[in-house]
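Nothing in this text is a laboratory measurement; each read-out follows from the coordinates by a stated rule. Treat the numbers as computed from the prediction; the structure is a model and nothing was measured. Quick reminder, even Gly has a Cβ in these numbers, built from the backbone with ideal geometry, and neighbours come from all protein chains shown.
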């Protein structure tokens, strides 16, 4: 049973976009690895930009300064 965890910043990914991600990842595992879609689990975690760091600073700070 494949388990895929997608982490994205919490910035308004629509329910439709998330559904496409889930569908696409499930299809990719089926097509590439022959995994059964009925037992494939895909979880999307939306992380606030204050809780996501790159290069020692939060994404919130990086985006505020235009990085």
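Values for this structure:
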| item | result |
| --- | --- |
| Fraction of beta bridges assigned by DSSP in the chain that are antiparallel (%, nearest 5) | 20 percent |
| Gyration tensor (alpha-carbon) shape descriptor, segment 3-64, a/c threshold 1.5 | prolate |
| Distance between segment 1-45 and segment 47-65 - C-alpha centres, whole angstrom | 25 Å |
| CD proxy at 222 nm, helix term only [per DSSP H run n ≥ 4: -39500 (n - 2.57); per residue of the chain; nearest 500] | -11500 deg cm²/dmol |
| Label point at residue 16 placed 7 Å out along Cα→Cβ; residues across segment 35-57 whose backbone nitrogen lies under 19 Å | none |
| On Cα atoms only, tilt of 15-33 relative to the major axis of the chain in degrees | 50 degrees |
